[in-house]
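Undergrad: Below you will find the structure I want to go over with you.
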Amino acid sequence: MSDFELNIGHFYPDLLNLYGDRGNVLSLYRRASLRGIKVNIKSISIDSELKPDELDLCFIGGGQDNEQNILKDDFVNNKGPLVKKMIEDGKVFLCICGGYQMLGKYYLEHDGSRLDCLGALDLYTEGADVRFINDTVYEYEGKTIIGFENHSGRTYLNPEGNCKPFMKVVKGHGNNGEDGMEGAVYKNTFCTYSHGSFLPKNPFITDMLIEKAMQNKYGSDFTLALLDSSVEELANREALKYLNV
Amino acid sequence: MLRSYLGIAAAKIIRKTLRLMGKGATTLPGKTAIKISPDVIRKSAEGKTIITVTGTNGKTTTSHMISEMLTSLGYEVINNISGANLASGIATTLICDGSKNKNAVYVLETDEAAFAKIAGSLKPTVSVVTNLFRDQLDRYGELTHTRDLIAGGIDKTDATLILNSNDSLVASLGKGRENRTVFFGLNKESMLKNSAYKKSSTVLEASSDAVYCPTCQVKYEYKSRSFSHLGDFCCPKCGFKSPDDRFSVVYDLKSSPSDEGYKFSIQDSLNSESNEVELKIPGSHNLYNTCAAVSAVTVLLEKLNSNSKDSFKSACEASCKVKAAFGRMEKIDIGGKKICILLVKNPAGLDRSLSFVTEASDASSVMFLLNSNIADGKDVSWIWDVDFESKANDLPSDIYVSGERFGDMLLRVTYAGRDIPSEFYGDMSNAMKLVEKALEKCEEGKCVYILPNYTSMLKLREMLVHRFNLKDFWE
């Protein structure tokens with residue numbers, strides 16, 4: 001029996017599972033397990049009850065429009081207030097693409113119709129007709145981060161609002177193709193457009209998320225043991241080489 | 001009228017010239033003809049007997065099976081298997097490979113989006129839709145959109161539809177078109193019985209497609225499943241369920257469809273008839289492809305020979321004479337050892353191929369090749385949608401990784417729980433060296449399974465031809 005446990009909440013895995021987002025959960029699972037932490041993955045979908053106390057780290061991916069429409073009501077109206085409180089309380093979240101947009105205030109469709117979102121982060125998204133589909137490279141705390149973006153939404157953060165950009169764009173479009181920034185961070189909630197999957201080739205971020213979740217649970221002096229990352233680093237390096245960066 | 005003749009003439013001249021230069025010329029002649037006369041497909045399809053095969057997975061295998069079956073039944077068959085499945089490729093096949101024989105049958109593998117555009121011009125007699133799985137979403141967009149495209153194409157024809165009843169998206173194409181739809185699938189009782197053979201557990205289920213009813217937005221309930229979202233589904237709200245099949249596969253997984261000589265039956269519920277057949281191209285997903293091909297051939301024979309009672313029996317017999325095509329499970333003999341290439345282009349394909357290799361009794365090693373050129377989709381994220389985790393431990397002990405994106409694939413295999421020593425991977429320039437190493441370690445009679453995606457397969461073919469002197473062996 002391990003002394004330490006990590007409970008991952010995987011939101012709507014049957015609906016939000018685009019572009020290998022599943023790989024992010026596998027990354028969290030692997031890098032925590034290899035350190036002797038017992039990892040439980042809990043699926044939270046439309047029929048399931050959300051119990052914040054039973055979750056240490058939450059993941060929300062992106063979905064096809066049709067799939068996202070199915071869950072929007074359940075997410076915003078049923079689970080929304082609890083999710084908002086979890087975010088405020090400093091629970092660790094990683095949200096990708098659709099999951100990212102849903103945490104903002106609203107999504108303004110290309111035809112002018114407005115979809116109200118959760119409003120946990122002070123940002124909004126506007127639909128556009130040109131999709132950003134390309135490999136991406138970002139910089140985060142001196143590290144080179146690799147991803148793949150595929151989104152038509154343009155996201156804008158309120159400069160006076162509660163959240164800050166997550167990463168700096170080195171290659172690709174980022175939030176809106178204008179301000180050179182990618183994603184958003186508020187407390188321990190990290191949002192990005194990066195599919196790809198995001199975490200496997202960026203173990204630095206995987207570890208950061210696990211460590212924050214473990215510190216929330218076991219105290220701020222909890223540190224993760226060192227782990228060999230040579231394959232992750234090789235994949236990161238080879239991807240950069242392939243992209244000529 | 002004159003323009004289409006001009007287009008046809010131009011296409012023929014281009015084909016001749018390119019062939020003299022040693023090129024395949026499967027696209028350019030048709031492309032030029034369409035430019036000269038947009039109506040050229042309609043013109044050249046007129047009066048021809050055409051079967052189209054569309055769907056995200058199994059198009060080539062099913063088209064190949066239908067072609068071989070019809071050939072063995074004495075028909076002249078013209079198809080586009082060695083060519084291209086977009087409008088330009090199909091125009092090329094119709095114009096340049098067309099036969100004077102009025103009884104010739106054209107078997108046309110058709111890309112989903114192309115089908116929407118040209119189905120009305122082709123006016124096929126029979127249209128097969130194999131299945132709909134996520135496939136390079138960065139290029140094709142959403143699955144429901146693909147389904148709607150196919151529906152649009154279908155409505156411009158009066159073809160008899162051969163639809164997979166186990167795939168909710170494909171089965172929904174039969175709604176409102178009941179009088180011209182024939183369903184095929186795995187037999188529902190059989191599927192339920194086979195649920196007893198437990199699958200290995202996994203850390204995290206594979207990313208699933210189409211498990212919610214698009215009309216009611218409620219999750220389908222399944223009595224049984226074969227794999228992925230295919231199974232005996234039912235919407236608890238509107239009651240839409242996997243329709244009753246005319247043709248269904250009765251099978252038993254006590255032995256493995258991955259082994260050669262696997263036997264099963266196909267049932268024709270309309271005539272209460274059943275025939276035992278042998279699976280000629282191994283892999284459990286080929287139960288679907290074989291059944292689709294038998295359904296299409298039976299229906300075509302009935303149409304051509306005014307409901308001849310022998311049609312189903314003839315089709316079943318013909319299915320036992322099919323041989324594998326290169327790149328589709330064909331085993332290439334190299335000095336008593338074998339190489340088998342399984343093309344994998346999307347998560348469903350990779351999932352099925354992984355299952356196949358774990359079950360194959362002759363597997364010596366497995367090699368993955370990953371590229372991300374435009375024809376592959378620029379996005380390599382799809383390798384994470386596959387449940388590698390539950391199968392990794394049953395893969396052969398030697399795993400090789402190559403391709404332009406070998407770093408991504410190496411990480412994928414590593415995260416599935418298999419460590420790979422550094423002398424077993426490298427970029428595309430190392431691919432041939434790795435194949436040779438795998439062959440060296442391979443025992444007599446055993447097989448090296450290679451799973452490339454599209455452009456890495458083309459490159460690998462070239463290398464194999466060059467290295468082992470296998471002249472044009474895929475044609």
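Undergrad: If I ask for residues that are away from chain B (no Cβ under 14 Å) and assigned to a loop (DSSP other than H, G, I, E, B), which ones from the stretch A:174-205 would you list?
TA: Within the stretch A:174-205, the first condition is being away from chain B (no Cβ under 14 Å), and the residues that meet it are A:174-191, A:204-205.
Across the stretch A:174-205, the qualifying residues are A:G174, A:N175, A:N176, A:G177, A:E178, A:D179, A:G180, A:G183, A:K187, A:N188.
Undergrad: Take the stretch B:203-221 and flag every residue that is buried (at least 18 other Cβ atoms within 10 Å of the Cβ) and outside any loop (DSSP other than H, G, I, E, B).
TA: B:Y212, B:K219
Undergrad: Okay, next question. Just give me the residues in the stretch A:228-239 being surrounded by 14 or more Cβ atoms within 10 Å (Cβ to Cβ) and outside any helix (DSSP H, G or I), in sequence order.
TA: Residue satisfying the conditions is A:S229 alone.
Undergrad: While we're on this one: Any idea how many residues of the stretch A:147-166 are part of a strand (DSSP E or B) and touching a Ser or Thr at 6+ places or on another chain (Cβ under 7 Å)?
TA: Final tally of qualifying residues: 6.
Undergrad: To continue, here is another question. If you go through the stretch A:121-142 one residue at a time, do you hit one that is outside any strand (DSSP E or B) and buried (at least 21 other Cβ atoms within 10 Å of the Cβ)?
TA: yes
Undergrad: Output the residues belonging to the stretch B:231-263 that are part of a strand (DSSP E or B) and surrounded by 21 or more Cβ atoms within 10 Å (Cβ to Cβ).
TA: Within the stretch B:231-263, B:G231, B:D232, B:F233, B:F247, B:S248, B:V249 qualify.
Undergrad: Now, a different point. Out of the residues in the stretch A:111-135 that are without any contact (Cβ under 8 Å) to a residue 24 or more places away in the chain and in contact with a strand residue (DSSP E or B) (Cβ under 6 Å, 6 or more places away or on another chain), which is farthest from the other protein chains (Cβ to nearest Cβ)?
TA: A:R114
Undergrad: Okay, next question. In the stretch B:414-425, is there at least one residue being more than 14 Å from every other protein chain (Cβ to nearest Cβ), of a type outside the set (D, E, K, R) and surrounded by fewer than 21 Cβ atoms within 10 Å (Cβ to Cβ)?
TA: There is no residue in the stretch B:414-425 that is more than 14 Å from every other protein chain (Cβ to nearest Cβ), of a type outside the set (D, E, K, R) and surrounded by fewer than 21 Cβ atoms within 10 Å (Cβ to Cβ).
Undergrad: Going by what's in this entry, would A:G90 be described as farther than 20 Å from A:F198 by Cβ, more than 17 Å from the chain's Cα centre (by Cα) and either within 14 Å of chain B (Cβ to nearest Cβ) or surrounded by fewer than 16 Cβ atoms within 10 Å (Cβ to Cβ) (or both)?
TA: Working: farther than 20 Å from A:F198 by Cβ: yes; more than 17 Å from the chain's Cα centre (by Cα): no; either within 14 Å of chain B (Cβ to nearest Cβ) or surrounded by fewer than 16 Cβ atoms within 10 Å (Cβ to Cβ) (or both): yes.
Against the criterion (farther than 20 Å from A:F198 by Cβ, more than 17 Å from the chain's Cα centre (by Cα) and either within 14 Å of chain B (Cβ to nearest Cβ) or surrounded by fewer than 16 Cβ atoms within 10 Å (Cβ to Cβ) (or both)), A:G90 does not qualify.
Undergrad: Yes or no: A:F59 aromatic (F, W, Y), within 14 Å of chain B (Cβ to nearest Cβ) and either within 30 Å of A:Y242 (Cβ to Cβ) or surrounded by fewer than 21 Cβ atoms within 10 Å (Cβ to Cβ) (or both)?
TA: yes
Undergrad: Looking at the stretch B:1-47 only, could you name the residues that are modelled with pLDDT under 90, more than 20 Å from B:G83 (Cα to Cα) and not in a loop (DSSP other than H, G, I, E, B)?
TA: Those that are modelled with pLDDT under 90, more than 20 Å from B:G83 (Cα to Cα) and not in a loop (DSSP other than H, G, I, E, B): B:L2, B:R3, B:S4, B:Y5, B:L6, B:I36.
Undergrad: For the stretch B:16-33, enumerate the residues that are buried (at least 20 other Cβ atoms within 10 Å of the Cβ) and of a type outside the set (S, T, N, Q).
TA: B:A25, B:P29, B:G30, B:A33 - these are the residues of the stretch B:16-33 that are buried (at least 20 other Cβ atoms within 10 Å of the Cβ) and of a type outside the set (S, T, N, Q).
Undergrad: Report the residue count in the stretch B:131-146 for those that are more than 10 Å from chain A (Cβ to nearest Cβ) and under 26 Å from B:L287 (Cα atoms). Reasoning before the result, please.
TA: Looking only at the stretch B:131-146, we keep the residues that are more than 10 Å from chain A (Cβ to nearest Cβ), and these are B:131-133, B:135-136, B:140, B:146.
Keeping just the survivors that are under 26 Å from B:L287 (Cα atoms) gives B:131-133, B:135-136, B:146.
Looking only at that region, the number is 6.
Undergrad: Looking at (1) at pLDDT 95 or above; (2) assigned to a loop (DSSP other than H, G, I, E, B); (3) not hydrophobic (A, V, I, L, M, F, W, C), find the lone condition where A:D111 falls short.
TA: All conditions pass for A:D111, except number (1).
Undergrad: Which of the helices (runs of 4 or more DSSP H) found entirely inside the stretch B:402-475 contain at least 2 residues meeting this: in contact with a strand residue (DSSP E or B) (Cβ under 7 Å, 6 or more places away or on another chain) and at pLDDT 95 or above?
TA: By residue number, B:406-415, B:431-441.
The values are calculated or read from the model by the stated rules, or taken from the named source; none is laboratory data. Source: prediction; values computed, not measured. Neighbour counts run over all protein chains shown; Cβ positions are idealised from the backbone, glycine included.
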